[in-house]
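Reviewing the structure listed below.
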Amino acid sequence: MTITESAPAAHVGSRRLRKEDPALLTGEAKFIDDLDLPGAVWVGVVRSTEAHAKIVGIDGSAALAIDGVTEVLSGDDLAPLWGEGALPCAWPVTPDMKNPPHLPVARGTAKYVGDAVAVVLADSRYAAADGAAAVVVDYEPLDAVVEIEDAVADGAALVHPDLESNECYTWGLWGDNAAAVDAAFAEATHVVTERYVQQRLIPAPMEPRGCAAVPSPAGGELTLYSATQIPHILKVMTSVVLGIGENKLRVVAPSVGGGFGCKLNVYAEEILCCALAQQRGAPVRWTESRAEAAVSTIQGRGQVQHIELAADSEGRLQAVRVKLLADMGAYLQLVTPGVPLLGGFLYHGCYHIPNYIFECKAVFTNRVPTDAYRGAGRPEATYAIERAMDSLAVAVGVAPEEIRSRNFIKAEDFPYESPPGLVFDSGDYHAVLDKAVSLANVAGRRAQAAQRRAAGSSKRIGVGFSSYVEMCGLAPSRVLASLAYGAGGWEAATVRISPTCKVQVVTGSTPHGQGHETCWSMIVADKLGIDPDDVEVLHSDTAISPTGLDTYGSRSLSVGGTAVFMATDKVIDKARSIAAHQLEANEDDLEFSGGVFRVRGTPEAEVPLAGVAFAAFTAHDLPDGMEPNLEAHVTYDPPNFTFPNGTHIAVVEVDTDTGNVDLIDYVAVDDCGVQINPLIVEGQVHGGILQGAAQALYEDAVYNSDGQLVTANLADYLVPSAVEAPRYRLENHVSPSPTNPMGVKGVGEAGTIASAPAVMNAVVDALRDLGVSNLEMPASPQTVWKAISQAQGGAS
Amino acid sequence: MTSVTLTVNGTERSFEVEPRTLLVHALRDDLGLTGTNVGCDSSSCGACTVLVDGESAKACTMFTVQADGAEITTIEGIANADGTLHPMQQAFHEKHALQCGYCTPGMVMAAISLVEEYPGLDEDGVRHGLEGNLCRCTGYQNIVDAVLQAAGTGGD
């Protein structure tokens, strides 16, 4: 064997097909509702049909008359199960933040449509559903507050009367900067003042939620199976809420059919099933219906944004001032209050802005709680600054790409300390923009748009830009502490090499579609010089992977993957010591490549990793004092966030007769750092783009003035299909992150962060000469048609 | 209870159901074929798509009794006995046309039926043909390319 022959195979960077696929493609994968639990009690949840009402009475007699229904339990009946315990909020963003007690099943008053008010137990899923529908609840309606701005109006109805106001908290950044910001605005040549609305969105993963609690009555152990992104966090929280020792609790996330943030939570049904299973000594399960999902699973976004830009005569930004009103909903779920803060660091976008001030006032409304939804704060921030930048370009009289280029943080300025004090790791925003402009053929599109205008065509072309930078890799634990978040941001990994040189990776990161098994295998295989198929990746079960902080915030690769990378290094270090012992050489003289340890300069003196692994297992002849086996554990706490960035360009065709918008081209140039598997990166970007474009054009959780959700099913809530989806054209720019050894950044949310403003800017661009300067999302045919009519002075 | 006989993935199965039992629940709960998923309750998402006498049908909006005597094919019934994947499954794998995989069984079954019914479809035809099947992860591009590949009409 020669060195050349054993050069490491580079799996990292290749478009390796996923090892997750076969089980998912054949129906072998087990999702939560697939679990076979003989004798399980089925839970049906009776949900409030009123946005705000006193619960006067609950009549379960009709339900109990149904064959298979065994019990009907009110919030009062269930209260002893959790005592003082309430659903947890882990992010008290200010010391005086209001956090009203949030019981799994309401007592006395229902605070939103969908609020659980009673529970039916039954012996089948059909009986549970029938029973829940048959329970008669007597409500005495109370005044409800539905819209965000109404919540802070004088005389507003109160969601929680005992709090005497609907305000949850006010959180600001750089308040001492106010005078400098005011001065910059006073001196500015151009001032842009915009108000945008982030409509509420229904996350709608294709798999609704579900959970099952299975007790082992003899030993008192409890296993909670849940369609969750966060088995580890869920375990700690369930333990705290119900007082179950963590040593008695195991949480398993089976195959999970998408999350997008909405399964990053601790939900009433999880606590309920655990408490009932413990009390009854029988498995208790619940599967969410799609109709329930719309009103009982958290929603995303829900903000009114006021953003002001101050710029000099050439459009160079001098200051940005942001005021948000953020809708918490009726209660605080796990990280509800923190979501707007994650955006608070990024309203200055990719731009060098000397003066920045941000304030968020959070309010309660009589609607289902909001919480993290793909991007969580960062799409909202990017939307506001990128829409406002287009307005500034118009004011200054330059093209959108020019106003961006003039203000970008420069490549030579990295690492760059942002106004709020974050240190941006790496990037070349100008190069990314140039690449996107060229790929999208912006000049050609503009010529086409001009021709259509000149010809009086009703099919207008619009080109829209969005340049973004986001913070991923949540997160350095000390930074989270400074933000009053209730946990750390590290991730854990264990790497074991078996006697026959197969590798077991245990990760604390919890996949639900991201391809962790494939990517972690590629990382480890390259380092060890083995085949990725010889690596198994274990996850999502606290009995197998006891330590972890799970998956959200595009953290898996940059934090969890880095932990795997480092644990593999640690195993190699131990193997090196054993190899040196076997070869009777000095460790420093050994090189490891292609799975073989060799003595430098003595090519025939070598031992393969397999030989070391077997020696570590037999332990017959290890260096004095060395423990047997090859295994290492690492808990990695990142020193910084990572900062993916990019420029997206949307091209739309708007029919001015009907208001219909077609996405006819979409170009994305992203810098997510080093890519482990470009196939998986592209998939993430595709799906992310459509999810953001859906906010721009289709999706809206519409509530009427009574607080009823009127888009509660997938026929009314318009999750796009293949027909609406554009063909995406992607390129990338790689500026490795210096924060972690692989140079990776993260890509799970980038598409969603970038696309909504790109699409909306394109729609406005198509209509600007008709007098349309702003549109609210979603830019439905009706909204677009109305805007054109109003701009033309016609009927609305 | 009503007695029904279905031929599911080539095997005849007779069992008793409540007349209102949805086909998807009979397949999942009575026959243990949990590969077919439930994504909604309004025929909107297509996660539950199976073949009934060779044509795609949404099993969440069909009563089991309506399928009495029919041949049903589910995702469990399309790979070869030796474990090699059906060409549509293989194309989904090769094109990275799935992420979380929850919509995948229904999407694959709908695509098989679509390609059989309309050979020679172009991209636009595939997109319209799959309009009744929602995916939240992929943005559809790789699904469309996989179907075109399996149909032998494009996508490499």
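Quick note: the coordinates plus some simple rules give every number you see, no bench work behind them. Since the model is a prediction, treat every value here as computed from it, not as a measurement. Positions of Cβ are backbone-derived with ideal geometry, glycine not excepted, and every protein chain shown enters the neighbour counts.
Under the criterion of Cα pairs below 8 Å and six or more residues apart, the relative contact order for region B:87-151 equals 54 percent.
Taking a straight line from the alpha carbon of residue A:502, these lysines sit under 18 Å away, with near neighbours fewer than eight places off in the same chain left out: A:19, A:527, A:570, A:574. Each part gets one Cα centre, and for region A:196-224 versus region A:483-538 those centres are 24 Å apart. A simple packing score, the average count of other Cβ atoms within 10 Å per residue, orders the peptides A:45-55, A:222-232 as A:222-232, A:45-55, with the highest score first. Span-like helix criteria (full DSSP H runs; alpha carbon extent of at least 20 Å along the helix axis; mean Kyte-Doolittle hydropathy of at least 1.0) are satisfied in chain A by A:750-767.
Distance from the C-alpha centroid of region A:235-289 to that of region A:314-376: 30 Å, rounded to the whole angstrom. Placing dummy labels 7 Å off each Cα toward the beta-carbon, the span from residue A:589 to residue B:117 is 7.4 nm. Need the full-extension length gain, residue A:633 to residue A:170, defined as separation in residues times 0.36 nm minus the C-alpha distance. One decimal, nm. Stretched fully, the residue A:633-residue A:170 segment lengthens by 162.6 nm. Over the protein assembly as shown, DSSP H runs of length four or greater, each weighted -39,500 (n - 2.57), average out per residue to a 222 nm ellipticity of -8500 deg cm²/dmol.
Relative contact order of chain A: what whole-number percent is it, with Cα pairs under 8 angstrom and at least 6 residues apart?
Normalised by residue count, the contact order of chain A is 15 percent.
Site pair residue A:313 and residue A:602 shows an inter-label distance of 7.7 nm when each label is modelled 7 Å from Cα along Cα→Cβ. Derived scalar couplings between HN and Hα for region A:471-487 equal 10, 10, x, 5, 5, x, 4, 5, 5, 4, 4, 5, 9, 6, 6, x, 8 Hz in order, rounded to whole Hz, by the Karplus curve 6.51 cos²θ - 1.76 cosθ + 1.60 (θ = phi - 60°), x for Gly and Pro.
Less than 5 angstrom separates the built amide H of residue B:63 from those of B:23, all sequence-distant by 5 or more or on a different chain. What FRET efficiency do you get for residue A:715 and residue A:782 if R0 is 22 Å and r is their Cβ-Cβ distance, rounded to the nearest 0.05? E(calc), rounded to 0.05, equals 0.80. Of the peptides A:240-253, A:758-771, the order by per-residue mean of other Cβ atoms within 10 Å, starting with the highest, comes out as A:758-771, A:240-253. For the residues of B:139-152, the average number of beta carbons from a partner chain within 10 Å of their own beta carbon is 4. Put a dot 7 Å past the Cα of residue B:15, heading toward its Cβ, do the same for residue A:65, and the two dots end up 3.1 nm apart. Given axes a ≥ b ≥ c from the Cα gyration tensor, I'd like to know whether chain B is rounded (a/c under 1.5), prolate (a/b larger than b/c) or oblate. Here chain B falls in the prolate category.
Taken residue by residue and averaged, Cβ atoms of other chains lying within 10 Å of the Cβ of A:712-723 number 6. For the peptides A:129-136, A:640-647, A:174-181, the ranking by packing is A:640-647, A:129-136, A:174-181, with the highest mean count of neighbouring Cβ atoms within 10 Å listed first. Legend: distances between Cα atoms for A:235/A:745; A:30/B:95; A:98/A:248; pairs beyond 26 Å are A:235/A:745; A:98/A:248.
Of the GluC sites (Glu not before Pro) found in region A:140-178, those that fall in a DSSP loop while having at most 11 other beta-carbon atoms within 10 Å are A:164. Counting only other chain Cβ atoms within 10 Å of each residue's Cβ, the peptide B:104-112 averages 2. Taking a ≥ b ≥ c as the square roots of the eigenvalues of the Cα gyration tensor, region B:1-45 is classed as oblate, since a/c reaches at least 1.5 and a/b does not exceed b/c. For residue A:150 and residue A:15, the difference between the fully extended length at 0.36 nm per residue and the C-alpha to C-alpha distance is 43.5 nm.
Counting 0.36 nm for each residue step from residue A:180 to residue A:792 and taking away their Cα separation leaves a gain of 216.3 nm. Placing R0 at 35 angstrom, the Cβ-Cβ distance between residue A:768 and residue A:133 gives a FRET efficiency of 0.10 after rounding to 0.05.
Between residue A:54 and residue A:618, what FRET efficiency follows from the Cβ-Cβ distance if R0 is 56 Å, with the result rounded to 0.05?
0.20
Principal-axis analysis of the Cα atoms of chain B puts helix B:104-117 at an angle of about 80° to the longest axis.
How many Å³ per residue does the convex hull of the Cα positions in region B:2-77 occupy?
Given the Cα convex hull of region B:2-77, per-residue volume reads 73 Å³.
A rounded overall shape is assigned to the protein assembly as shown, the ratio a/c of its alpha-carbon gyration tensor axes (a ≥ b ≥ c) being less than 1.5.
Farthest toward the positive end of the dipole of region A:512-604, out of A:549, A:563, A:523, is the Cα of A:549, where the dipole comes from beta carbon charges about the Cα centre.
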